[in-house]
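Have a look at this one.
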Amino acid sequence: MRTKVLFVMNNLQCGGAEKSLVSLLNTIDHSRFQVDLLLFKREGMFMKQLPPEVKLIDVMPGYQLFDMPISQALRACLRDRQYRIALARIRAGFLFRGNDNAARKEQRLWKHLSLALPNVREPYDAAIGFLEKTPVYFCLDKVEAKVKLGFIHNDYEKLGMDPTLDVRYFHKLDYLVTVSDTCSEVLMRLFPEQTGKVKVIQNVVSPALIRALAGQNDSIGALDESITIVSVGRLTAQKGFDLAVHACRLLRDRGYRVQWNVIGEGEERQELERMIERMSLQDHFHLLGPKENPYTFISQADLYVQPSRFEGKAIAIDEAKILGKPIVVTNFSTASDQIRHGHNGWITGMSAIELAEGIAEVLGNEDLKQSFSQRLSEENLGTEAEIEKLYELLT
């Protein structure tokens, strides 16, 4: 008998947690595990990368009522005589207009959203909420399973969430899983009563697959003899691309012929585009959008830069390491989990000036760049064995 496991996730849009999930699902032993996947929205660029063994179970139509304009949602509720859900949607509307940050709004939304979502019919041996907030809450309240896991893919403290709202949920989990030692330390400090449940499972990354994809020809390449920089991440405040735009302007002012390509999408696109235009960087700083295969861009770059304000464990940094790229990162709290400053990469301060100075330092020192690449080539960067840690929790 195979162990029956349900994974719950919002969607498979471009993002580190989504990429991590797809990599895990392609690595798991399907002869031992029957894997179902519930997505609140069955969409995203990683959908086509799901292995055929994974069964997608029915989407939750009630979720859409909280993802559409309130007038449209109320008409649908009244048409179907779902008066209780209509009231919940009205209350959620007031919540959306509140002053709390997005993370706390999503936490508080659950008590309203949960009224529109039915329980999953089938029981499971294990249920895994693969992202903080809604997927974890759903597993706990809507799924019958012998073992329940909740994943936190980031530095909990930097997410801006309200720990008092998560205490009762984390109490019901069998395991609270995160992606780095630093993130686990944060969880144990904030939730000391859950210390015994906190486990670290790194993102599953396959060097062989990444190197094979990097060899495909799908890149805009460098323009003339410019220095090509690549960054990967959602266009959100967390990822610090506003710092990157300012740093690019500073590098241009110092005479560097920079072409900075950013792969990803998000709510800050318009603001970043305005910044790029304001700083006359249209020909030098490029928002390329999401790319199913970012590895060709990374492999052909002179430098990989991660200007984030905070991270859990950035998959993109691990991928750049696998491709042997010189790497510059800002000093977010988990940066030293992946980069040893001056040994296999460069860590800068959390400002545009410090970021530009760090990039200039690396670009101006060919021996330093070569030493980074050489040391990265000597590291054991594959994390496929991390799946064994998950097996231990599931069986």
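The values are calculated or read from the model by the stated rules, or taken from the named source; none is laboratory data. The structure presented is a predicted model; accordingly, all values stated were derived computationally and were not measured. Counting neighbours? That spans all protein chains shown, and the Cβs are built from the backbone with ideal geometry, glycine included.
Could we say that Lys55 is of a type outside the set (A, V, I, L, M, F, W, C) and in contact with a strand residue (DSSP E or B) (Cβ under 7 Å, 6 or more places away or on another chain) here?
Values: of a type outside the set (A, V, I, L, M, F, W, C): yes; in contact with a strand residue (DSSP E or B) (Cβ under 7 Å, 6 or more places away or on another chain): yes.
Yes; evaluated as a whole, the condition is true for this residue.
To continue, here is another question. Hey, any hits in segment 308-326 for a residue that's touching a Phe, Trp or Tyr at 6+ places or on another chain (Cβ under 7 Å), crowded, with 22+ Cβ neighbours inside 10 Å and of a type in the set (Phe, Trp, Tyr)?
Scanning segment 308-326, I find no residue that is touching a Phe, Trp or Tyr at 6+ places or on another chain (Cβ under 7 Å), crowded, with 22+ Cβ neighbours inside 10 Å and of a type in the set (Phe, Trp, Tyr), so the answer is no.
Among the listed residues Asp162, Asp174, which satisfies the condition of being surrounded by fewer than 22 Cβ atoms within 10 Å (Cβ to Cβ) and either free of Cβ contacts under 8 Å to residues at least 12 places away in the same chain or touching a helix residue (DSSP H, G or I) at 6+ places or on another chain (Cβ under 6 Å) (or both)?
Details: Asp174 fails: either free of Cβ contacts under 8 Å to residues at least 12 places away in the same chain or touching a helix residue (DSSP H, G or I) at 6+ places or on another chain (Cβ under 6 Å) (or both).
So the residue among Asp162, Asp174 that is surrounded by fewer than 22 Cβ atoms within 10 Å (Cβ to Cβ) and either free of Cβ contacts under 8 Å to residues at least 12 places away in the same chain or touching a helix residue (DSSP H, G or I) at 6+ places or on another chain (Cβ under 6 Å) (or both) is Asp162.
Somewhere in segment 341-350, is a residue within 26 Å of Arg211 (Cβ to Cβ) and crowded, with 22+ Cβ neighbours inside 10 Å?
yes
Okay, next question. Could you please let me know if Ile359 is under 15 Å from Ser231 (Cα atoms) and either at pLDDT below 95 or among the polar types (S, T, N, Q) (or both)?
Details: under 15 Å from Ser231 (Cα atoms): yes; either at pLDDT below 95 or among the polar types (S, T, N, Q) (or both): no.
For Ile359, the condition - under 15 Å from Ser231 (Cα atoms) and either at pLDDT below 95 or among the polar types (S, T, N, Q) (or both) - is not met.
Looking at (1) among the polar types (S, T, N, Q); (2) more than 25 Å from the chain's Cα centre (by Cα); (3) closer than 23 Å to Ala145 by Cα, find the lone condition where Ser114 falls short.
Ser114 satisfies every listed condition except (2).
How many residues are at pLDDT below 90 and either part of a strand (DSSP E or B) or not charged (D, E, K, R) (or both) when one looks only at segment 302-313?
Going through segment 302-313, the residues at pLDDT below 90 turn out to be 312-313.
Now drop any that are not either part of a strand (DSSP E or B) or not charged (D, E, K, R) (or both), which leaves 312.
Qualifying residue count, segment 302-313: 1.
Scan segment 280-300 for residues that are among the aliphatic types (A, V, I, L, M) and touching a strand residue (DSSP E or B) at 6+ places or on another chain (Cβ under 7 Å) and jot them down. Please lay out each step first, then the result.
Within segment 280-300, the first condition is being among the aliphatic types (A, V, I, L, M), and the residues that meet it are 281, 287-288, 298.
Leu287, Leu288, Ile298, listed by residue number.
Related question: Kindly indicate whether Asp174 is at pLDDT 95 or above and among the acidic types (Asp, Glu).
Values: at pLDDT 95 or above: yes; among the acidic types (Asp, Glu): yes.
The answer is yes for Asp174.
For segment 25-52, name all the residues that are acidic (Asp, Glu) and surrounded by 14 or more Cβ atoms within 10 Å (Cβ to Cβ). Full working, then the answer.
In the first step, residues of segment 25-52 are kept if they are acidic (Asp, Glu); the result is 29, 36, 43.
Passing the criteria: only Asp36.
Let me ask you something else. How many residues are buried (at least 18 other Cβ atoms within 10 Å of the Cβ) and either assigned to a loop (DSSP other than H, G, I, E, B) or of a type in the set (Val, Ile, Thr) (or both) when one looks only at segment 109-124?
Summing the residues that are buried (at least 18 other Cβ atoms within 10 Å of the Cβ) and either assigned to a loop (DSSP other than H, G, I, E, B) or of a type in the set (Val, Ile, Thr) (or both) in segment 109-124 gives 2.
Within segment 172-213, which residues are closer than 18 Å to Ser333 by Cα and in a helix (DSSP H, G or I)?
Correct list: Asp181, Thr182, Cys183, Ser184, Glu185, Val186, Leu187, Met188, Arg189, Leu190.
Go through segment 250-262 and count every residue that is of a type in the set (A, V, I, L, M, F, W, C) and surrounded by fewer than 20 Cβ atoms within 10 Å (Cβ to Cβ). Don't jump to the end; show me each part of the working.
Our first condition is that a residue be of a type in the set (A, V, I, L, M, F, W, C); within segment 250-262, this holds for 250-251, 258, 260, 262.
Next cut, surrounded by fewer than 20 Cβ atoms within 10 Å (Cβ to Cβ) only: 250.
Count: 1.
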